Amino acid sequence: MKTKDVLIVGFGIAGLTIAKQLKKRKKSFDIISDESQQSSKVAGGVLNPVALKRYKLAWKADDLMPEALIFYSQLNSKIDRPYFQKVPVFKLFSSVEDQNNWMVASDQAKLDPYLNPQIKSLDLAAHTPFKSGEVLNTHLLDLKGMLSYHQSKYTENNQFMSERFEYDLLQIQDDILSYKNSTYRRVIFCEGFGVTKNPFFNWLPLYGNKGEYLVFKSPDLSSNVCILKSRHFIIPLGNDLYKFGATYSREQLNDLPTESAKIELEESLGKMIDCNYEIVDQIAGVRPTVRDRKPILGQHPEHSHMYVLNGFGSRGVMAAPYLSRSLVENIYDSSSLDNEIDITRFLKFYA
Ligand SMILES: Cc1cc2nc3c(=O)[nH]c(=O)nc-3n(C[C@H](O)[C@H](O)[C@H](O)COP(=O)(O)OP(=O)(O)OC[C@H]3O[C@@H](n4cnc5c(N)ncnc54)[C@H](O)[C@@H]3O)c2cc1C
């Protein structure tokens with residue numbers, strides 16, 4: 001059997017974007033992924049370049065956001081379902097001071113392209129005593145739908161194995177890696193928080209941060225075409241369904257919903273909307289977050305055919321297209337990685 005270029009381990013947003021970057025380069029690959037991590041499947045999918053608590057531009061947003069918009073638009077243009085759409089985010093102000101902070105922020109050159117200076121009233125069943133501000137050019141990606149669509153395509157193409165990757169079955173020869181009955185030139189690990197069980201990369205300082213959403217139904221809210229942000233986000237899913245969250249916790253790092261998150265979110269939702277609703281689901285995932293809050297990309301210090309693409313815990317949807325391209329250029333064009341994302345910054349942890 002012919003040796004393929006890459007084996008991708010893990011199919012969340014990291015696995016999907018690296019697969020697309022490899023395809024652009026006409027590289028051959030297989031994907032192996034299980035359901036042990038749910039981060040991408042439960043993620044809100046909001047592409048918003050502004051941190052709305054302190055009104056700060058997110059890390060590298062001016063580079064990451066334009067590339068993400070082109071990448072996901074092109075991806076969706078080949079599919080006849082709207083997985084990627086422009087959806088405005090409205091920040092509901094909590095006080096007059098908050099409103100003033102928005103006005104000041106929208107006047108700054110850095111934030112000017114992203115914050116509409118006009119204060120708006122919304123005709124929705126939400127508590128908005130201090131009105132709201134619109135973040136410009138925000139988008140929503142139905143990541144679960146997008147992943148499921150591509151998983152089916154890769155499965156039809158015999159490129160997708162829906163199973164656990166068994167690390168001890170990977171055999172490393174000089175120029176080739178063999179796994180079960182196949183051989184590859186490289187393996188790229190895109191396992192999210194699952195990397196903590198990977199014997200080749202478990203030294204990376206990746207800690208999890210659990211996030212939970214409530215899913216609720218409310219025909220009266222009438223917010224089907226925008227995302228609302230107060231302390232938490234209300235994200236429209238269609239058919240009067242909404243996601244509400246997410247929480248942040250360093251405890252119980254698994255995909256099981258918790259009672260404490262339910263209580264926190266129900267209390268917050270009650271303060272945010274002013275209509276009837278019914279909770280229909282609660283979902284959870286573990287964000288792969290890094291100590292310095294930056295992604296981790298690059299080559300294993302000893303096994304030169306092994307790479308990692310991880311640390312997408314914060315704004316992973318916005319960052320993944322740019323970072324997966326950076327990794328592919330690093331592998332095939334020998335271009336260097338930015339120091340702040342390069343795996344080499346953590347070599348001191350490699351025993
Ligand atoms: C509640 C929540 C809300 C979020 N909201 C947003 C948002 O609105 N916007 C945003 O930009 N980001 C958001 N994020 C963050 C971001 O989307 C995720 O952190 C990102 O999806 C991580 O993607 P990943 O591909 O690195 O990992 P994952 O999505 O975890 O994917 C890893 C895949 O690898 C598989 N895997 C792991 N180990 C193995 C193995 N040994 N064998 C086989 N398969 C394996 C896993 O099962 C999984 O399928 C959110 C995250 C959470 C949890």
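The values are calculated or read from the model by the stated rules, or taken from the named source; none is laboratory data. No experiment lies behind these values; they were computed from the predicted model shown. Don't worry about glycine lacking a Cβ; one is built from the backbone with ideal geometry, like all the others, and counts go over all protein chains shown. The area values use the complete protein model at the heavy-atom level, side chains included, leaving out ligands, DNA and RNA. Shrake-Rupley method; radii C 1.70, N 1.55, O 1.52, S 1.80 Å.
Quantify, in whole percent, the carbon and sulfur part of the accessible surface of the stretch 197-288 (1.4 Å probe; protein heavy atoms only). Heavy-atom surface of the stretch 197-288 belonging to carbon and sulfur, 1.4 Å probe: 47 percent.
Among Arg25, Arg185, Arg231, the residue with the largest mean-square fluctuation in a Gaussian network model of the chain, with springs joining Cα atoms closer than 10 Å, is Arg25. In the stretch 204-351, taking the dipole from charged Cβ atoms about the Cα centre, the farthest positive-side position among Leu228, Leu241, Leu337 is held by Leu337.
Taking Tyr83, Tyr167, Tyr248 in turn, the Gaussian network model of the chain (Cα-Cα springs below 10 Å) assigns the largest fluctuation to Tyr167. Taking every protein chain into account, the accessible area of the stretch 1-57 amounts to 41 square angstrom per residue (probe 1.4 Å). Given a 1.4 Å probe and the protein chains as shown, Ile176 ends up with an accessible area of around 40 Å². Restricting attention to the chain, close to 75% of DSSP beta bridges with both partner residues there are antiparallel. By a 1.4 Å probe calculation restricted to protein chains, Cys226 has an accessible surface near 10 Å², given to the nearest 10.
Which entries of Lys53/Lys78; Lys41/Lys78; Lys91/Lys243; Lys20/Lys53 have Cα-Cα distances beyond 28 Å here? Result: Lys53/Lys78; Lys20/Lys53 exceed 28 Å. The share of accessible area on the stretch 98-172 that comes from carbon and sulfur is 44 percent, using a 1.4 angstrom probe. Considering only Gly285, Leu323, Ser36, the residue lying farthest towards the positive end of the dipole of the chain is Leu323, judged by Cα position with unit charges set on Cβ.
Taking the stretch 110-228 as the region of interest, the number of lysine pairs whose Cα atoms are within less than 26 Å, with members eight or more places apart or on different chains, is 12. For the chain, relative contact order (Cα pairs under 8 Å, six or more residues apart, normalised by length) works out to 23 percent. Among Ser162, Ser334, Ser268, the residue with the largest mean-square fluctuation in a Gaussian network model of the chain, with springs joining Cα atoms closer than 10 Å, is Ser334.
Taking one quarter of the surface of the convex hull spanned by the alpha-carbon atoms of the chain gives a direction-averaged projected area of 18.3 nm². Qualifying GluC sites (Glu not before Pro) in the stretch 212-293, where qualification requires a DSSP coil assignment and no more than 13 other C-beta atoms within 10 Å, comprise Glu251.
Using +1 on the beta carbon of Lys and Arg, -1 on that of Asp and Glu, and nothing else charged, what's the dipole of the stretch 39-114 about the Cα centre, debye to 20? Let's see the in-between values first.
Values: 10 positive and 8 negative charges, 66 e Å.
So the dipole magnitude of the stretch 39-114 works out to roughly 320 debye.
Ligands, DNA and RNA are left out, and with a 1.4 angstrom probe the accessible area of the stretch 172-306 is 47 Å² per residue.
Sparsely packed loop sites in the stretch 149-198 (the GluC sites (Glu not before Pro) outside DSSP H, G, I, E and B with at most 14 other Cβ atoms within 10 Å) comprise Glu163, Glu166. Fully extending the segment from Val96 to Asp112, taken as 0.36 nm per residue of separation minus the present Cα-Cα distance, adds 3.7 nm. Taking amide H as placed 1.01 Å from N in the peptide plane, the amide H of Ile31 sits under 5 Å from that of Ile8, Phe160, Met161, each at least 5 places away or on another chain. Looking at the stretch 115-168, the accessible area is 53 square angstrom per residue; that uses a 1.4 Å probe and ignores ligands, DNA and RNA.
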